[in-house]
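The values are calculated or read from the model by the stated rules, or taken from the named source; none is laboratory data. Remember, it's a predicted structure, so these values are computed and weren't measured experimentally. No Cβ is skipped: glycine too gets one built from the backbone with ideal geometry, and neighbour counts run over all protein chains shown.
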Amino acid sequence: MATFDMRDERAEARTAEVEASAPVQTQAFDAVVIGGGPAGMAAALAAHKAGARVAIVEREQHLGGILRQCIHPGFGLSHFKQELTGPEYAQRFIDQVHATDIALFLNSMVLGIDSGEPAEGTAVHTVTLMSRAGMLQLTGHAVVLAMGCRERTRSEIKISGSRPAGVFTAGLAQRYINIENLKPGSRTVILGSGDIGLIMARRCTLEGISVEGVYELMPYANGLRRNVKNCLDDFGIPLHLSTTVTRVIGHDRVEAVEVSQVDEHLAPIPGTERIVPCDTLLLSVGLIPENELSVAAGVELDPHTRGAVVDQSLQTGVPGIFACGNVLHVHDLADNVTTESERAGAAAAAYALGDGAGAGAGSAGTGCELTVSPAGIAGYALPGRITTVGLTKLNFRVRRPVDAARVRILAGDEELFAGKVRPFKPSVMESFPLPAKVIQHALDLGVSEIVLSVDPVEEA
């Protein structure tokens, strides 16, 4: 044991000596995009189109991100006006990136984002990364955060029981089947009715894996209605609402799971437990934006989205740092990610090329600074800051489905604007246009906050 420790110490000493003697290479760009998935590529292309020198940093060896394993159709309907699979959708952007001089740093892990000394009033950001070529530093007036999100795991939802093999997140199982050509199991239970869980129910069935059922904690499905129909109903896969997995059973491999019904407080109801034999448990229980780098760079996070607080230009509270895609808030459609990320890339380019002026960079000279907060059944409101007077699209999701509700914009006790009565679903990312005159009215009232409230309407 001591021998190994000594060898490790000598190896670490040699590595440290080499690193100390090797100069860190620095390359300068106007905008550095972190993430090479659909958000990062769309942002980079938009910034490049605006005339910026752009770099993409991606930790995987390929561009495309999560779309590479999403072989089901349903992509591109709004952006390309045709239905594509995930790899087809990604490839279109990959081809566009390769047709430009956008610098690519693949197989590269970003270690941190540090602000340098101000240069002519604009902070220069330094992105430090580790690649096969060693440690590199990329500088730029603008940085676009497009790292996507990760899946919640068993430990985060605290399922009791043993810890055998056979418990996967749905996304990991999707990668195993679609990219690695590996079969995660033969008989599976899926916990969670998010879109990836629904899609994997169908995918497993097509691969000959028996799906015993999809179990959902909430009294409603969390995925898009089309996925419930196409992935469950069409294949006769049962969806059990208000039911969750309360225990994993097995030693070396999953042998069964215990499921229980839950009450209105989402607590398991004693006496409703039953055992479902299976050898695999797939978890589709939510996504978490990958914001560790953001926090380290001083970016403020919204407790509702767990993404950055941004203004209309998708700029965070740190000048020159922008965020878009699933690292900002979890989207329902890749097409929406593309549209949002193109805005972020264009704004980042405007900021970088204008030395911080424009891009809605702040309210310099405008006197506009409003925070936006959710209320009613709205789970979040984005952007969280309004820094310019102009037509603004507010994005939000509701926390529960409702057949009739109205969006209201409030300033204190005054209603500034109201939308039409219509149904809302948690699975759908909604948008609401906020006219410039409403923003100006709020400023005239002297308030510092406006509220987006989604309020159920009683049927007559």
- Item | Any pair with Cβ under 8 angstrom, 6 or more apart, that starts in the range 62-73 at a residue that is in the same structural domain as Phe105 (by TED's automatic domain parsing) and under 18 Å from Arg202 (Cβ atoms) and ends at one that is in a helix (DSSP H, G or I) and hydroxyl-bearing (Ser, Thr, Tyr) | Leu67/Tyr89
- Filter the range 423-460 down to the residues that are assigned to a strand (DSSP E or B) and β-branched (Val, Ile, Thr), then identify the one that is nearest to Asn336 (Cα to Cα). Val454
- Pairs only if they're at least six apart or on different chains, beta carbon under 7 angstrom, first in the range 427-446 and within 28 Å of Gly197 (Cα to Cα), second small (Gly, Ala, Ser); list them, first residue then second. Ser427/Gly223
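So, in the range 340-356, exactly how many residues are outside any helix (DSSP H, G or I) and either at positive phi or buried (at least 24 other Cβ atoms within 10 Å of the Cβ) (or both)?
Taking the range 340-356 first, the residues outside any helix (DSSP H, G or I) are 354-356.
The next check asks that each one be either at positive phi or buried (at least 24 other Cβ atoms within 10 Å of the Cβ) (or both); those that pass are 355-356.
Summing the residues that are outside any helix (DSSP H, G or I) and either at positive phi or buried (at least 24 other Cβ atoms within 10 Å of the Cβ) (or both) in the range 340-356 gives 2.
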- Is the range 275-295 home to any residue that is without any contact (Cβ under 8 Å) to a residue 12 or more places away in the chain and assigned by TED's automatic domain parsing to the domain that holds Pro73? yes
- Message: Residues to consider are Val389, Val407; find the one that is crowded, with 18+ Cβ neighbours inside 10 Å, in a loop (DSSP other than H, G, I, E, B) and over 19 Å from the mean Cα position of the chain (by Cα).
- Response: Val389
- Please enumerate the residues belonging to the range 327-339 that are in contact with a Leu (Cβ under 7 Å, 6 or more places away or on another chain) and either of a type in the set (Gly, Ala, Ser) or in a helix (DSSP H, G or I) (or both). Val327, Ala334, Asp335
- Message: I need the full set of residues from the range 221-245 which are farther than 29 Å from Asn181 by Cβ and at pLDDT 95 or above, in order please.
- Response: His240, Leu241, Ser242, Thr243, Thr244
